[in-house]
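Take a look at the structure below.
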Amino acid sequence: MAEADPPARTISLGTGFAAIDAAAWDALHDGANPFVGHAFLSLLETSGSVGPGTGWQAAPLLVEDEHGVLIAAAPAYLKSHSQGEYVFDHAWADAWAHAGGDYYPKLQIATPFTPVPGPRLLAKDAGDALLLIRAAEAVVRQNALSSAHATFVAPEQMPLFEGAGWLVRRDIQFHFANPGYRSFDDFLATLTSARRKQLRKERARAIEGLRIEELTGDAIGPEHWDAMWLFYQDTGARKWGHPYLTRAAFDLMGEHMADRIVLLIAYDSDAKVGRPVAGALHFLGADTLYGRYWGCLADIPFLHFELCYYRAIDIAIARGLSRVEAGAQGGHKLARGYGPVATWSAHFIADPGFRRAVANYLEQERQAEETEMEWLEGHTPFKRKD
């Protein structure tokens, strides 16, 4: 009996997210991760945070069936630089430039400015997911690009990239795991005595003379977004030179995603009046709280830890969430109950010689990273188990 022909598929490179039907896009994922949802990706585009002049040109990979129904997709961008990715390939770009090559533009499969692990191949069928990988490779080859990169890939999708021959890179983040704590004190009870005392001291010191508001949904008003924009600008100017997101992006988050946002605002008085001096913006996933943006207009000891880490733990416990992901880097999170977790990326390098060089680099990096992970796992603040 002859095998049936494979189903017909049409693969294309889109020019943006706003023009894609939101329901069709969101039908391809389970909605657990807000950053691969159509609302978030399209607001980045509509707000001008990505697009002309930003170095991020939306180029989603799309797979349709014979009826024109979208059955697989990947959030992808043509990049003219390596900013806003949090998986650093600047050394690769320099090496390729010294060899006489053009590293940019490159194809980036990712959520812009968002170091959050999640699905990068939105497909119900593994075969269609593999088509997206092959489509990315075809884009590179047909347009003489140097490379394609899939960053912060959900661990369960990494075998697809590995099986396709992409190079694998591992990094480290720090996440809080909630095994079912009933309160912050329950969490503190798992720490060593010295660390428990330190956390209590930091929390008390952070909020002296302050009032903290926790807001979500319709409770977030224009004045709160105005304040958060000032905080974000301050942090962005100090870390990146200029903020990645535009002011309009925050308004659109409030318009389209407010129910998936928890905004913490600190005021410089514990009375009902006061000037907003700091804030932290968290996103709600199905079982995860994602800490994303923070800023402070005054030097207040430990307030960063309080709004970004300790209050995040409070929120996760109160809502029964299984973990908190507080962003990229930050070894200081380890002492505050956030344990080391591996994050993954996959890389397709078109030139064979350049690929070998990158592969050698990644092997050396992997050995150093494994040593670091082992050290971190041995220096958590938790009590030793017998």
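The values are calculated or read from the model by the stated rules, or taken from the named source; none is laboratory data. Please read all numbers here as calculations on a predicted model, not as lab measurements. A quick note on method: Cβ atoms are made from the backbone with ideal geometry, for glycine too, and the neighbour counts reach across all protein chains shown. The protein model used for the area step is the full one, side chains on, heavy atoms only, and it has no ligands, DNA or RNA in it. Shrake-Rupley method; radii C 1.70, N 1.55, O 1.52, S 1.80 Å.
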Which pairs have Cβ atoms under 8 Å, sit 6 or more apart or on different chains, and link a residue in region 354-377 that is closer than 11 Å to residue 340 by Cα to one that is modelled with pLDDT under 95?
376/331
Somewhere in region 206-213, is a residue surrounded by 15 or more Cβ atoms within 10 Å (Cβ to Cβ), out of contact with any His (no Cβ under 8 Å at 6 or more places or on another chain) and in a helix (DSSP H, G or I)?
yes
Of the residues that make up region 122-138, is at least one within 23 Å of the chain's Cα centre (by Cα), at pLDDT below 95 and under 30 Å from residue 65 (Cβ atoms)?
yes
Across region 38-71, which residue is farthest from residue 106 (Cα to Cα) among those that are open to solvent by less than 10 Å² (accessible area, probe 1.4 Å) and assigned to a loop (DSSP other than H, G, I, E, B)?
49
Can you find, within region 308-322, the residue that is nearest to residue 211 (Cα to Cα) among those that are assigned to a helix (DSSP H, G or I), in contact with a helix residue (DSSP H, G or I) (Cβ under 8 Å, 6 or more places away or on another chain) and aliphatic (A, V, I, L, M)?
313
One residue from 125, 171 being acidic (Asp, Glu), within 25 Å of residue 74 (Cα to Cα) and either touching a Gly at 6+ places or on another chain (Cβ under 8 Å) or touching a residue at least 60 places away in the same chain (Cβ under 8 Å) (or both):
171
Can you say whether residue 94 is assigned to a helix (DSSP H, G or I) and open to solvent by 30 Å² or more (accessible area, probe 1.4 Å), as far as the supplied structure shows?
yes
Which members of region 307-333 meet the condition of being among the aliphatic types (A, V, I, L, M) and open to solvent by 10 Å² or more (accessible area, probe 1.4 Å)?
317, 318, 321, 326, 328
